[in-house]
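Here is the structure we will look at, set down as structure tokens.
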Amino acid sequence: MTDITEIRTVLRGQSIELPSWAFGNSGTRFKVFAQTGVPRDPYEKVSDAAQVHRFTGVAPTVSLHIPWDRVSDFTDLARHAADEGVRLGVVNSNTFQDPDYMLGSVCHPDPAVRRKAVDHLLECVDIMDATGSRDLKLWFADGTNYPGQDDIRGRQDRLAESLATVYERLGPNQRMLLEYKLFEPAFYSTDVPDWGTSYAHCLKLGESARVCVDTGHHAPGTNIEFIVAFLLREQRLGAFDFNSRFYADDDLMVGAADPFQLFRIMYEVVRAGALDPSAGVNFMLDQCHNIEPKIPAQIRSVMNVQEATAKALLVDRDALAAAHQDGDVLGANAVFMDAYNTDVRPMLAELREQQGLDPDPMTAYRKSGYAEKIVDERKGGQQAGWGA
Ligand code: LRH
Ligand code: MN
């Protein structure tokens, strides 16, 4: 697809979901550096996320995280989102902060603890009914720290049973996204450590269970685009949690640490036709802005995904196919690198102008005065964070 008009149409239709928690304070075990103007409640988080959509035009939904985003009336929060020009998206469960979950949640040896965890997941589905959300995203911190600490197989049995109970509760248009992660906070075994484990559980559960690929959750050197290509071929890729990292689950801005990897991943998405909403892939950010201003960081992140997507759409697929056919290794790689080395920023700036947006979202946001406004308005109250 090297027809620029067609590429513009696809880019205009791109939709990137923002994580509510990226607008709250976050940090590491060493320190959480509070920032001025940070939201105090989910309404203010949604308002900040709406700024990103206002200046990029491609971030119309916001993911919620429960209980961090619990409100008395989720329908009213959905109305607030609509007033701000966005929608509520994926509902994320949280079974990694309650004291009862020290030895696990859905994999815990104690059935009472598992019941408590499953009840939380079922409550998240109730919230989806109120917000109109399609997806329930499940990430479990469950695992062990020492060999022999628990029965690895037994924990899989408990996990499967818990997931099946929640899967049964899903409504006709609702889905379950099972996110995997190699390690942390567990440092010996994690119960959903890799794409294969998530994929296997999803196959057992049914069509409405899909894998969530968080780009920060792999062993160093993992070929993530292979996992993406494989899961797309199986129609079991449900979502991305985009971020980037130099070492572990650093949750840095997507594309910041490895823009070439993001390009390779988006190429597999384009190659599979998975930018089309009918493919059912939810493109989400999952990031923490520990030291940088949060709204500009989200704007930059959305732009990084747009740039990687535009480059992926520019790959001359016919020339690539011909080079593959001819076994022309260097020729094929050159076709790929030509697209990657193309400066797509002018094309995206022009696209924004055609959408009636400022060609430079970062400058437009800075000039909007919104950053100063929220610092003035948001005095007092409890700033939002991970509440750990
Ligand atoms: C776990 C994770 C998960 C979220 C959390 C905020 O590391 O990626 O997706 O629940 O971050
Ligand atoms: Mn994630």
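The values are calculated or read from the model by the stated rules, or taken from the named source; none is laboratory data. Keep in mind the model is a prediction, meaning the values are calculated, not measured. A quick note on method: Cβ atoms are made from the backbone with ideal geometry, for glycine too, and the neighbour counts reach across all protein chains shown. We work out accessible area using only protein heavy atoms, side chains counted, and drop any ligands, DNA or RNA first. Shrake-Rupley method; radii C 1.70, N 1.55, O 1.52, S 1.80 Å.
Per-residue answers, yes or no, for (1) within 13 Å of ligand 2 (Cβ to nearest atom); (2) open to solvent by 30 Å² or more (accessible area, probe 1.4 Å); (3) outside any strand (DSSP E or B):
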position: HIS218; (1), (2), (3): yes, no, yes
position: THR222; (1), (2), (3): no, yes, yes
position: PHE226; (1), (2), (3): no, yes, yes
position: ALA229; (1), (2), (3): no, yes, yes
position: GLN235; (1), (2), (3): no, yes, yes
position: ALA239; (1), (2), (3): yes, no, no
position: TYR247; (1), (2), (3): no, yes, yes
position: ASP250; (1), (2), (3): yes, yes, yes
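Does region 166-181 contain any residue that is acidic (Asp, Glu) and surrounded by fewer than 16 Cβ atoms within 10 Å (Cβ to Cβ)? Can you show your working first?
As a first pass, look at region 166-181 and keep what is acidic (Asp, Glu): 168, 179.
Then keep just the ones that are surrounded by fewer than 16 Cβ atoms within 10 Å (Cβ to Cβ); that gives 168.
Yes, because at least one residue in region 166-181 is acidic (Asp, Glu) and surrounded by fewer than 16 Cβ atoms within 10 Å (Cβ to Cβ).
Residue by residue, here is whether (1) open to solvent by 10 Å² or more (accessible area, probe 1.4 Å); (2) touching a Leu at 6+ places or on another chain (Cβ under 9 Å); (3) away from ligand 2 (no atom under 16 Å from the Cβ) holds:
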residue	(1), (2), (3)
SER93	no, yes, no
PRO99	yes, no, yes
VAL113	yes, yes, yes
ALA117	no, no, yes
GLU123	yes, no, yes
ALA130	yes, yes, yes
ASN145	yes, no, yes
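Tell me, which residue of region 202-216 that is open to solvent by less than 60 Å² (accessible area, probe 1.4 Å) and part of a loop (DSSP other than H, G, I, E, B) is farthest from ligand 1 (Cβ to nearest atom)?
GLY206
Just one residue in the set ALA239, ALA229 is in contact with a Leu (Cβ under 6 Å, 6 or more places away or on another chain) and of a type in the set (A, V, I, L, M); that residue is ALA239. Per the conditions (1) touching an Asp or Glu at 6+ places or on another chain (Cβ under 9 Å); (2) in contact (Cβ under 8 Å) with a residue 40 or more places away in the chain, the sole criterion not satisfied by ALA50 is (2).
Note on region 136-159: residues that are closer than 19 Å to GLU123 by Cα and part of a helix (DSSP H, G or I) total 1.
If we scan region 258-270, do we find a residue that is within 19 Å of the chain's Cα centre (by Cα), of a type in the set (Phe, Trp, Tyr) and surrounded by fewer than 16 Cβ atoms within 10 Å (Cβ to Cβ)? Yes, there is a match, as at least one residue in region 258-270 is within 19 Å of the chain's Cα centre (by Cα), of a type in the set (Phe, Trp, Tyr) and surrounded by fewer than 16 Cβ atoms within 10 Å (Cβ to Cβ). Condition test on ARG366, is it open to solvent by less than 60 Å² (accessible area, probe 1.4 Å), closer than 25 Å to PRO293 by Cβ and in contact (Cβ under 8 Å) with a residue 12 or more places away in the chain? No, not satisfied.
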